[in-house]
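For reference, the structure is listed below as structure tokens.
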Amino acid sequence: MKENYLKIDIIPDNTNYWLIRTNGGSWYNDFKYNDHVSITNNIVDLNTLKEINKLEDYKKVITSKNDSKQKELKQALLNLSENEREKILEKSNLTKRNITDLSKRLFEFIHEIKIGDYIVIPNYRSFEFSIGIVISDAIEYNDKEIQQLKTDSKKQDYKYSNNKLHRKIKWLKETSRYRIDPKILNKLQMHQTIINLSEYKEAINYLINPIYIQNNHLHINIDIKRKEDISPQLWFEFNNLIKLYTESTSFQFKSQKIDVQSPGIIEFISFIPFDFIKKAYFDNEEAFSITSWIANFILFYQIFKGKEIKSISGIEFQEKVPNDIKELRNDAEREKLKTDIAKYELERMQIEASLRKLEQKNNETNSNILEVPEKFESEIKNEDESVSQNDSDNN
């Protein structure tokens with residue numbers, strides 16, 4: 001990878017974005033050090049939950065497990081007074097609201113979050129945020145791994161969550177609160193452990209890389225650093241550059257988002273054909289004209305950002321999916337293909353069995369059909385010949 005190459009991320013269109021809480025920030029370092037995110041689950045094992053693909057069924061299973069635990073606990077507390085026993089049972093029992101919240105949290109973590117999705121986590125009082133990409137399905141640590149994590153946490157002086165259920169994460173970026181979109185900060189008022197932030201994907205993508213392609217649109221975010229006011233003449237020159245850009249390329253200018261304050265952010269959005277994106281990714285460089293697009297981009301930076309770029313010799317397109325994710329995704333596709341083949345074979349066997357039954361039934365039925373008397377056979381034959389002749393005449 002060349003140092004003076006302009007790096008443009010290609011982000012899959014179906015990527016989702018999630019905020020996962022860190023228990024008031026106390027698990028933030030645990031998540032960062034161990035390259036994972038985790039949630040609490042002390043009631044149903046992961047293998048059972050993986051086989052369930054409906055939220056309502058999650059609620060049923062968790063309700064059943066909760067009832068069973070309450071019965072077991074009640075038996076274990078028989079030596080206590082009724083008053084003491086009831087207090088303990090009430091404290092350990094999951095209410096209907098608890099069951100609903102837990103079911104939704106587990107269902108989202110296990111089924112709705114996908115490999116390649118982005119995860120955002122806040123630290124204590126949400127002063128800092130880390131952004132990462134999911135690189136594993138939901139998995140559980142075994143007892144030996146849990147013990148090792150506890151030992152490591154003492155050495156590194158951070159609090160370990162004690163959660164078995166987790167997903168591995170590749171952390172990409174850490175950013176301060178002031179760079180987070182206020183709409184995302186408002187979501188922190190919600191009490192859910194997991195919050196879907198997909199509606200704010202552009203605000204999150206910008207934090208990872210200010211230049212990226214998603215949904216057939218090229219996004220260029222310019223963070224203005226200049227302290228001087230931006231004059232009307234400068235705005236005119238800027239918009240004239242956009243006009244020249246759209247006239248000199250096949251791209252369709254879509255919109256321009258501007259934070260009118262200086263410093264602030266300008267986001268330039270342009271529609272680009274899918275075939276171009278494909279060519280750009282696989283050719284990896286020289287897909288854009290060095291005299292038009294890059295020249296304009298450099299000028300944008302020089303005018304607005306107050307940051308002089310020494311040189312850009314080319315463009316590097318990088319799919320925002322690490323190699324380990326690609327391997328996992330390929331493995332998943334192979335497993336899906338195996339499943340589809342097995343399903344096809346099963347369906348074929350079922351169809352063949354049905355045909356055999358139908359054939360057997362027809363044979364049994366045919367044995368009970370009355371034979372046509374010989375005296376009618378000649379009449380039927382003559383009638384068939386007559387019909388055949390009429391058809392021939394009509395043609």
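Looking only at segment 23-50, which residues are closer than 19 Å to ILE110 by Cβ and hydroxyl-bearing (Ser, Thr, Tyr)?
Once the filter is applied, which keeps residues that are closer than 19 Å to ILE110 by Cβ and hydroxyl-bearing (Ser, Thr, Tyr), segment 23-50 yields SER38, THR40, THR48.
In segment 9-33, what residues are over 16 Å from the mean Cα position of the chain (by Cα) and crowded, with 21+ Cβ neighbours inside 10 Å?
Quick first cut of segment 9-33, residues over 16 Å from the mean Cα position of the chain (by Cα) only: 9, 21-33.
Answer for segment 9-33, where residues must be over 16 Å from the mean Cα position of the chain (by Cα) and crowded, with 21+ Cβ neighbours inside 10 Å: THR22, TRP27, TYR28, ASP30, PHE31.
The rows are residues; the columns are (1) at pLDDT 95 or above; (2) out of contact with any Gly (no Cβ under 9 Å at 6 or more places or on another chain).
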position	(1), (2)
ASN14	no, no
ILE52	yes, yes
LEU78	no, yes
ASN83	no, yes
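Out of the residues in segment 180-197 meeting the condition of being without any contact (Cβ under 8 Å) to a residue 60 or more places away in the chain and touching a Phe, Trp or Tyr at 6+ places or on another chain (Cβ under 8 Å), tell me which one is nearest to ILE99 (Cα to Cα). Spell out how you get there, then give the answer.
First, pick out the residues of segment 180-197 that are without any contact (Cβ under 8 Å) to a residue 60 or more places away in the chain: 180-183, 185-186, 189-191.
Filter once more, keeping what is touching a Phe, Trp or Tyr at 6+ places or on another chain (Cβ under 8 Å): 180-181, 183.
Numbers: ILE180: 32, ASP181: 32, LYS183: 29 Å.
Filtering segment 180-197 for residues that are without any contact (Cβ under 8 Å) to a residue 60 or more places away in the chain and touching a Phe, Trp or Tyr at 6+ places or on another chain (Cβ under 8 Å), the one nearest to ILE99 (Cα to Cα) comes out as LYS183.
Report, ordered by the first and then the second residue, all pairs with beta carbons closer than 6 Å, sequence separation of six or more or different chains, a first member in segment 143-163 that is under 17 Å from ASN41 (Cα atoms), and a second member that is modelled with pLDDT of 95 or more and surrounded by 15 or more Cβ atoms within 10 Å (Cβ to Cβ).
Going by the 6 Å Cβ cut-off, the qualifying pairs are TYR160/ASP30; TYR160/LEU149; TYR160/SER153; SER161/TRP27; SER161/ASP30; SER161/SER38; ASN163/SER38; ASN163/THR40.
Would you mention how many residues in segment 182-191 are closer than 14 Å to ASN23 by Cβ and either touching a strand residue (DSSP E or B) at 6+ places or on another chain (Cβ under 9 Å) or in a strand (DSSP E or B) (or both)?
Number satisfying all stated conditions: 1.
The values are calculated or read from the model by the stated rules, or taken from the named source; none is laboratory data. Fair warning: this is a prediction, and the values are worked out from it, not measured in the lab. Cβ: placed from backbone, ideal geometry, glycine included. Neighbour counts: every protein chain shown.
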